[in-house]
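Working notes for the structure below.
The values are calculated or read from the model by the stated rules, or taken from the named source; none is laboratory data. If you're wondering where the values come from, they're calculated on a predicted model, not measured in any experiment. So basically every Cβ, Gly included, is an ideal-geometry build from the backbone, and we count neighbours across all protein chains shown. We work out accessible area using only protein heavy atoms, side chains counted, and drop any ligands, DNA or RNA first. Shrake-Rupley method; radii C 1.70, N 1.55, O 1.52, S 1.80 Å.
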Amino acid sequence: MDFKQHIAKKLPVEGLTVQDVYGMLAVPPDTAMGDLALPCFRLAKTLRKAPALIAEELAAKYPCDGIVCGVQAVNGYLNFRIDRAFLAKQTLERILSERERYGASGEGAGKTVCIDYSSVNIAKPFHIGHLSTTVLGSALYKLHKFLGYTPVGINHLGDYGTQFGKLISAYRRWGSRQMLEEGGLRALNALYVRFHEEAEKDDSLNDEARAYFKKIEDGDPQAVELFGLFKSLTLKEVGKIYELLNVQFDSWAGESFYNDKMQPVIDELRAKGLLTESEGAQVVDLSAYDMPPCIILRSDGASLYATRDIAAAVYRKNTYDFYKCLYVVAYQQNLHFRQVFKVLELMGKEWAKDLVHVAYGMVSLEEGSMSTRKGRVVYLKDVIDRCIEKALAIITEKNPALENKEEIARTVGVGAVIFGALYNNKIKDITFSYDKVLNFEGETSCYVQYTCARARSVLEKGGAERSSANAAVTPQEFEVVKKLAEFPDVLKSALEKYEPCFIARYCVDLAQLYNKFYFDCSILNAEQAVRAFRLSLTESVLITLKNGLGLLGIGVPSKM
Ligand code: ARG
């Protein structure tokens, strides 16, 4: 039930459409005032009346019904009170019948949305800097699916570039298969670091690396095999992290996938007169848009990151006919995407407007919590492992007799990492703190998970009786009900703004309201009808929190 719609339809205001009124209705900060309010200040000018008078006149005309049970004009606001029993019944019935589909919709039916996220680099460490793109992208993926879109998760692997020539050179000189099999990505990275150290002293190494890279490009079987080894090693390791974080992809087409797809794009750019020469390189001049030129081909004829992205966008449009294509990439690449999008627009691709750079801020580790010494990489795997370890210690202390502690600690620890990265607006830089993300009383996933476990235990003790009817809904109950009813709207705006943090915050808010209700109102000892209602309310909270956390990729242990 859309109460705003209901009210807007019954509230004719001179000079405004139903949609205008709808847009002006808002939830007042203090719910003692009402459940929805229309501020009349903006109407004063057109209606040539004082806001207070407008509110009074509208209040006198508004026809109350079984849904809106009270209207009041207060200081220029028109406050509406929604019938508590009505809202409660409607909301709980809906949740208890829709269950794990509560909040889902079909608004995206028939629309494909490509989401480029995580996009790791082969043979490079998977470090804390990749956390945001991975969990943000994954949440957006799940959210799109839930709202009826067809998402395509794309891991645009960084699997092309001269660094692979360097790696082959380093591997040939100092590496072995055994060393890589034992040391994994870290061993690969060590080889890479060593190459740079040695190349400082001996420049011929760089020539060697270039030659090896050329071999990969020319399809030399040995070079290609080694490159394949680096790639499979990387994918095996990041695969484990994706599994832990509950992250999936539909496509692993990385940069090298576009090797044979760039020429047509370059030809098109040339045919459309967009390429100019600059110091031997082929570029698209973007000075008219206040941007440096977008380099398409280097003077030695090699393609660039941007060239691949332009080819990738064209490929994605042709392959998926996307409604939108999102790039979940750090704000450091703002310029890159502005350039790429502009070049596509200049090529006449009308769909360039559907490309969206979903930019996010940096994650750093709190000083002293792990090695943040300059230059040392913080591996994401280490952060996750440490969170799981800490979660285990906390759980063991709180509830030593708990069964399945390891598994629960994994769900709690992983949840803490994901939630920690998703709780703030994505563009903000964040400092990751173990104590903060694992604070059971804080604005954290473990607080929400703990609330779920509490709700579940209430339901276990309470039995199967349910009722959505309650003639005398208490204020605490009503706050929970209103929050519950908001969930579908929260999901909609989280998708519109590409802000999974709306869902994370919602879960904390709902958990807090439920806990307030839990401490203020007795559930199991209430008289039968009230008890049945409170059990329905409890179950609805559990369902909604599970759905919310699930969209973020976070599980809910049955006990904690
Ligand atoms: N691999 C790149 C990096 O780590 C991110 C790729 C993002 N996606 C893209 N289509 N450019 O910086």
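Entry comment: accessible area of the chain is 45 Å² per residue, from protein heavy atoms only and a probe of 1.4 Å.
In a fully extended conformation the segment linking ASN425 and ARG101 would gain 114.1 nm over its present Cα-Cα distance, using 0.36 nm per residue. If you average the C-alpha positions of the range 25-66 and of the range 125-187 separately, how far apart do those two centres end up, in angstrom? Rounded to whole Å, the Cα centres lie 54 Å apart. Averaging the sequence gap over all C-alpha pairs within less than 8 Å and six or more residues apart, then dividing by the number of residues, gives the chain a relative contact order of 15 percent. What value does the range 197-292 have for Rg/Rh, both radii from Cα atoms and Rh as Kirkwood defines it? The Rg/Rh ratio comes out at 1.09. Take 144-155, 526-537, 57-68 and order them by the average number of nearby Cβ atoms within 10 Å per residue, most first; the result is 144-155, 526-537, 57-68. Were the residues from ARG173 through LYS201 laid out at 0.36 nm apart, the gain over their Cα-Cα distance would be 8.6 nm.
Eigen-decomposition of the gyration tensor built on the alpha-carbon atoms of the chain gives equivalent ellipsoid semi-axes of 51, 33, 18 angstrom, largest listed first. Here the range 467-557 exposes an accessible surface that is 52 percent carbon and sulfur, computed with a 1.4 Å probe and the other protein chains kept in place. Here the accessible area of the range 164-306 is 48 percent carbon and sulfur, with a 1.4 angstrom probe and all protein chains present.
Apolar share of the accessible surface for the range 333-462: 47 percent from carbon plus sulfur atoms, 1.4 Å probe. Within the chain, CYS40, CYS64, CYS69, CYS294, CYS387, CYS446, CYS452, CYS501, CYS507, CYS521 have no other Cys Cβ under 4.7 Å of their Cβ and so lack a disulfide-compatible partner by this rule. In this structure, the residue pairs whose Cα-Cα separation is over 27 Å, taken from LYS236/LYS428; LYS111/LYS492; LYS89/LYS405; LYS214/LYS324; LYS201/LYS240, are LYS236/LYS428; LYS89/LYS405; LYS214/LYS324; LYS201/LYS240.
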